[in-house]
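Here's the structure we're looking at; comments come further down.
Please treat every number below as a calculation from the coordinates, not as lab data. All figures in this text were calculated on a predicted structure; none of them were measured in a lab. Cβ coordinates were reconstructed from backbone atoms using ideal geometry, including for glycine residues, and neighbour counts include every protein chain displayed.
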Amino acid sequence: MARRVGICAVAQTTYQRDKWHERFQGMALEVLEPLLEKTGLDFSEEQGIGMSISVSDDVFDARTISDNAMTDVLGAHMRCEEKVAQEGIQALYYGLAAIQSGHVDVVLVLGHCKESQGKSRNMVTHLAFDPFYTRPVGLDFTAAAGMQAQAYAAASDVTDDHLAEVVARAGRMARMNPATPETAVYSREEVLASPMLADPIRAHHAYPVSDGAVGMILAAEDRARDICAHPVWITGVGNCMDSFFLGDRDLTSNFALKKAAARAYRRAGIDTPRDTFDVIEISDQYAYQQPMWMEGLGLVDEGRGGAWIAGGGPDAMKVNRSGGMLAGNPLLLGGLVRAAEVSLQLMGQAGDRQVADARRGLAHGVMGPAGQFHAVAILERD
Amino acid sequence: MKKNRNVGIIGVGQSVYSSHREEVNQPEMINEAVVEALESAGLTIDDVDCIVHGNMELFEMVHQPDLWHTLGTGALGKESLRVTTGGTTGATLVAAADHLVASGLHDVVLAIGFEKLQEGHTTGGITNMADPLWGRQLQTGALTGMTAAQMIEEFGEERAKKVAMKYRILMDQHAMKNHKAHRRLGLSPDQADELMENSPQLVGELRMIHMCSQSDGACAMVFASEEKATALCDQPAWIKDHVTAHREEMFCIFGDAPVLSTHRYAARKLYQRCGITNPREEIDLFEMYDPSSWWGSDWLREFLLLEGDEHLKMIENDEIAMDGAFPVNPSGGVIASNPIGATAMVRVAEAALQIMGRAGEHQVPKTVNQALASGFGGTMWTVLTLLTRQVPW
Amino acid sequence: MPSDFDTSDCYTIPGKLALPYTYFAGRVGSRFITTLRDRHKIMGVRCDHCDMVLVPPRQTCERCLRDLSDQWCEVGTRGEVVNYTVVRYPDRHQPRPVPFVLAMIRLEGADTPIVHLLEEIAPEQVVIGMAVEAVFAVKTTATIRDIDHFKPCDS
Ligand SMILES: [Zn+2]
């Protein structure tokens, strides 16, 4: 049995529409400095950070090998520096593996993205499509989500009113989160009156463009207990890839999410996921995804997301107390920000949005058109 | 370091490396390597738990290409991880696969490095590496004549140029035995003088003939836990250790070359961790990421912790030839084939094939008990991987 | 960043990623495109192992990794709308001025629907299950846009 891995410290910038005055290296430094301060770590060969894993994306950054620009911040002088070019929560997966393999004891994870740098986030995600069959018709992640939302609306009890409540609640939650100072707070009526973006997704259903960075320190069990009083243990991880072509999938089946969740639950030794988690953070890039992903995680009855919302399920189950993706953070970092938020909750450092005595939480990330790739992490404290 | 469990390489697959792969699209080219790797491991895709994928996005301008490439990788329904670190990507993919298996998360992992440079604009892509404020105007792709100038200064023009050309011709002779290699020119030693004069100059004494190719290709490798590897494979290539040493982006912007190279630093660290005191004796073969024959010649000194002109003698004495005492790049190396996201993985793959005794025509004529592979990228980054014939931990 | 950070001396550098790319369609993709262009036929591939007719065609079955490159079968130029969205945000990568309808259309004989433009109908009138047919482009571009769009038809 491999050794346990703990999250020892978490730091993040605010997530804002346009940090035009700051380079992405500067955002990352804003995360690195508090992490070093909180943990007392450095990059020394003996006891320091043994591996830095950054999360970024060459296309969003418009930089080939975007981590090359980050080496100073990542302490890469003669050190191990690697980049996860995938949904940010995968840096947790990779850091966990590197520590459990025995190769390294302390890992820095640092994700950053300036979505504001590009003219259009949709133009970036358009480039995820193949050049022959799907780019020529103009697909991007928003249009793909529109089709999934349409299919989910038909297959579930979720209505436009339910989704308006999801968005309104996200704004209310974001108000309690100092990391999301700019998040708009909409009333349900305002959401319902907002224009369609990609039917049935309305303009207010979509997560805002934002800039920001997030990081954490991971350590092997014995080191983790030295570094901090209450490490948050990564007890389960799981992810899964679905088919590429939208037409090859059943868009409402939650195929990849179900598998990702089952893997994470199995590794965490969880047989009955319901009523197991004190706090849940899921990447709801569009409002329909909050109930849909909750169903995929096996935490809400299939096709009954609407009733769950109407019955106050999100509050009762402490879902996205941070405001979630709808409150805004870069696409690439969704799952990593979720994991950071769950960690803050389990560390008792979540301020006004703190869930009393939270001991076990779930963080979720998603990437690709209509949820082609999902990843789940289970975090726990002693 | 106490490794949680041993990891063995049990399968290697490579597409043909070429400047012209018009007959396949990206997932199809990847699939060639995947199919061969699975066949070589005696597995089907159902036996694989996780797919690790890497390349440079701006070389083909596909965002998160593992999504599309699922059509060829076999990732459907499986776990996956995407890691990229520039030129070292392929070596980082090996490190990632090693971690994923050694940690106990997975028993069988398939790692895939690929690039289809023909589809994009490589030098333009590399130039986009540079900082838009500080470096973009100065960047000239991956070309630099600095090493040639330094070697000429240190060892004299005639000797330095002869060594670099001898290295080049030896590598081509190796590539001639590797039917997957991209550039197989059939050079002979008596062409050296002519090439030193007439090959077009790129930067200073870095000539076209010295420089690596720009290739399309994919490499895939199957990694398995000790239990599975032993059951599935007569002779796995075991992963003993790997060391990554990167460095900051702007270390030489003001003209000073680094005093201590990441190559030497990584080598020292690796040898220390693995108890190697005399690398030339204890390591049987070295597969180096050699972007040009100047760098290949020069870097031998760094990787083997040599001083003076020992490294030149190794080239002059044919020690690095396939049948020499210390064979270097029996595959033909990077000068012969360079699909960037796969290139560093191909080094480990070749080292593994040599240990497994499956390198075919380019198998070196001795038992390879311990093999070293290097990856190179970024602004002088190094990854070193040490493979063994015996279960290492 | 402290909230009182003085940004008065900060400036930005405009940049543009404009590199040329040439993507190879592969043998399977090329045959699909040329058949579409020259004969106005839509081709799929059949995986006997998975018992599915797959459109767009691909060299390898994603499910079982079998080679399908010579398992060609023709599918209909008519089909059924199984899903759709109305794209209402303008962007430079889009093929049409907004709003336009992107629909998932299952062609006759195919198991997997393709995504394409649905036109000659108001977005509000699109319904799941409606019958549509391909309208071929007058001027060929040797892409999937040699189907210019799909339009409603009698079932
Ligand atoms: Zn099949």
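Straight-line reach from C:LYS41: which aspartates and glutamates have Cα under 18 Å away, leaving out those fewer than 8 places along the same chain?
C:ASP70, C:GLU74, C:GLU80, C:GLU108, C:ASP111, C:GLU133, C:ASP146, C:ASP148
Order by neighbour count: A:GLU30, B:GLU226, A:GLU46, B:GLU158, fewest other Cβ atoms within 10 Å first, most last.
A:GLU46, B:GLU158, B:GLU226, A:GLU30
Determine the sum of side-chain charges near A:MET176: Lys and Arg each +1, Asp and Glu each -1, restricted to other residues whose C-beta is under 11 angstrom from that of A:MET176. Numbers along the way, then the final one.
Details: positive: A:ARG172, A:ARG175, A:ARG321, A:ARG353; negative: A:ASP352.
Within the 11 Å Cβ shell, the charges total +3.
What does the helix-only formula give at 222 nm for chain A: each DSSP H stretch with n ≥ 4 adding -39500 (n - 2.57), the total divided by the residues, and the result rounded to the nearest 500 deg cm²/dmol?
-9500 deg cm²/dmol
Using the scaling law 2.2 N^0.38 Å as the reference, what is the normalised Cα Rg of chain A?
In units of the globular-protein estimate, chain A measures up at 0.92.
A:SER243's amide H: which non-local residues (gap 5+, or another chain) put their own amide H closer than 5 Å, with H modeled 1.01 Å from N in plane and none for Pro or chain starts?
none
Under the Cβ-under-4.7 Å rule, which cysteines of chain A stay unpaired?
If one checks each Cβ against the other cysteines of chain A, A:CYS80, A:CYS113, A:CYS240 turn up with nothing under 4.7 Å.
With a sphere of radius 10 Å drawn around the Cβ of B:GLU287, what net charge do the other residues whose Cβ falls strictly inside it have (Lys, Arg +1; Asp, Glu -1)?
My count for the surroundings of B:GLU287 gives -1.
How far, in degrees from 0 to 90, does helix A:24-39 lean away from the longest principal axis of the Cα atoms of chain A, to the nearest 10?
60 degrees
For C:TRP72 and C:GLU108, what does the FRET efficiency come to when R0 = 25 Å and r is the distance between their Cβ atoms, rounded to the nearest 0.05?
About 0.95, to the nearest 0.05.
Using a Cα-Cα cut-off of under 20 Å, which lysines could be cross-linked to A:LYS259, ignoring same-chain neighbours fewer than 8 residues away?
Those lysines meeting the cut-off are B:LYS78.
So, R0 is 30 Å and r is the distance between the beta-carbons of A:GLU45 and A:MET1; what FRET efficiency does that work out to, to 0.05?
Rounded to the nearest 0.05, the efficiency is 0.60.
Compute the distance in nm between two label points, each set 7 Å from the Cα along the Cα-to-Cβ direction, one at B:GLN390 and one at C:GLU120.
Here the modelled spin labels are 7.6 nm apart.
How tilted is helix C:26-39 with respect to the longest principal axis of chain C? Cα atoms for both, answer in degrees (0 to 90, nearest 10).
70 degrees
So if I place +1 on the C-beta of Lys and Arg and -1 on the C-beta of Asp and Glu, and nothing else carries charge, what would the dipole magnitude of the protein assembly as shown be about its Cα centre? I want it in debye, nearest 20.
It works out to roughly 720 debye.
As a footprinting exposure proxy, order C:PHE32, C:PHE24, A:PHE43 by other Cβ within 10 Å, with the fewest listed first.
A:PHE43, C:PHE24, C:PHE32
Of B:THR343, B:HIS263, B:ALA359, whose Cα points farthest to the positive end of the dipole of chain B (charges on the beta-carbon: +1 Lys, Arg; -1 Asp, Glu; origin at the Cα centre)?
It is B:HIS263.
Count charges around A:GLU165 for me, please; just the other residues with Cβ under 14 Å from its Cβ, Lys/Arg as +1, Asp/Glu as -1. Intermediate results must be reported in sequence, preceding the final value.
Numbers: positive: A:ARG169, A:ARG172, A:ARG188, A:ARG202; negative: A:ASP157, A:ASP160, A:ASP161, A:GLU189, A:GLU190, A:ASP284, A:ASP315.
Counting the neighbours of A:GLU165, the net charge comes to -3.
Compute, for chain B, the length of the dipole vector about the Cα centre, with Cβ point charges of +1 (Lys, Arg) and -1 (Asp, Glu) only. Units Debye, rounded to 20.
Once rounded to the nearest 20, the dipole reads 680 debye.
Can you pull the Rg over Rh of the protein assembly as shown, Cα-only, Kirkwood?
0.97
Using a 7 Å offset from the Cα along the Cα-to-Cβ direction at both B:GLU281 and B:HIS20, what is the distance between the two label points in nm, to one decimal?
That separation, rounded to one decimal, is 5.1 nm.
Exceeding 22 Å between C-alpha atoms, which entries from my cross-link table qualify? They are B:LYS3/B:LYS228; B:LYS116/B:LYS166; B:LYS2/B:LYS366; A:LYS83/C:LYS16; A:LYS83/B:LYS180; B:LYS240/B:LYS366. Walk me through the intermediate numbers first.
Numbers: B:LYS3/B:LYS228 17 Å; B:LYS116/B:LYS166 30 Å; B:LYS2/B:LYS366 31 Å; A:LYS83/C:LYS16 24 Å; A:LYS83/B:LYS180 29 Å; B:LYS240/B:LYS366 20 Å.
Violating the 22 Å limit, Cα to Cα: B:LYS116/B:LYS166; B:LYS2/B:LYS366; A:LYS83/C:LYS16; A:LYS83/B:LYS180.
Given A:ALA262, A:ALA287, A:PHE277, which one lies farthest toward the positive end of the charge dipole of region A:254-324, if we put +1 on the Cβ of every Lys and Arg and -1 on the Cβ of every Asp and Glu?
The residue sitting most towards the positive pole is A:ALA262.
Taking 7 Å along the Cα-to-C-beta vector as the label spot, tell me the B:ARG358-A:HIS21 distance in nanometres, rounded to one decimal.
5.9 nm
To test your reading of the geometry: what angle, between 0 and 90 degrees and rounded to tens, separates the Cα axis of helix A:90-100 from the longest principal axis of chain A?
So the inclination is approximately 30 degrees.
Short version: what are the Cα gyration tensor semi-axes of region C:26-152, square root of 5 times each eigenvalue, largest first, in whole Å?
Working through the eigenvalues yields semi-axes of 26, 17, 13 Å.
Using the beta-carbon distance between C:SER30 and A:ARG359 and R0 = 60 Å, what value does 1/(1 + (r/R0)^6) give for FRET efficiency, to the nearest 0.05?
Efficiency, from the Cβ-Cβ distance: 0.55.
Divide by every residue of chain B the summed helix terms, -39500 (n - 2.57) for each DSSP H run of at least 4, and state the resulting mean residue ellipticity at 222 nm, rounded to the nearest 500 deg cm²/dmol.
Result for chain B, helices only: -11000 deg cm²/dmol.
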